[in-house]
1. Would you mind checking which residues have amide H under 5 Å from Arg46's amide H? H placed 1.01 Å from N; only 5 or more apart, or other chain.
2. Taking the Cα atoms of segment 13-68, report the difference between the largest and smallest coordinate on each principal axis, in whole Å and largest first.
3. How high is the FRET efficiency from Arg46 to Glu20, r the C-beta distance, R0 22 Å, rounded to 0.05?
4. For Ser29 paired with Lys62, estimate the spin-label separation in nm (one decimal), with each label point 7 Å from Cα along the Cα-to-Cβ line.
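All of the numbers you see were taken from the coordinates with simple rules; none came from a lab. The shown structure was predicted, so the numbers you read here are calculated from the model rather than taken from an experiment. Here the Cβ is made from the backbone with ideal geometry for all residues, glycine too, and neighbour counts use every protein chain on show.
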Amino acid sequence: MSLKCPGQDMQRWTFNDIFEVLCPHCKESIEFWKDEPVLFCPGCNRKVRNPRLNLGCAEWCKSADECLGILPDE
């Protein structure tokens, strides 16, 4: 049996872990999940960074690189 990282286990997520933001370029609504670093806006197709990106454990977890992969530059 493999264990899932508690921070990435969607069964432990709350209502606030999925949210909408307005595109800073065209004001179209974009739905982000807390772990999505970047999405393309459905209105203008430009990259929009997640303003509430939450990968708290990535700062200290020794398996973060393996678990999360490569993250975009800050």
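1. Long-range HN contacts for Arg46: Cys41.
2. So the extents along the principal axes, rounded to whole Å, are 39, 23, 13.
3. Using R0 = 22 Å, I get an efficiency of 0.85.
4. 4.5
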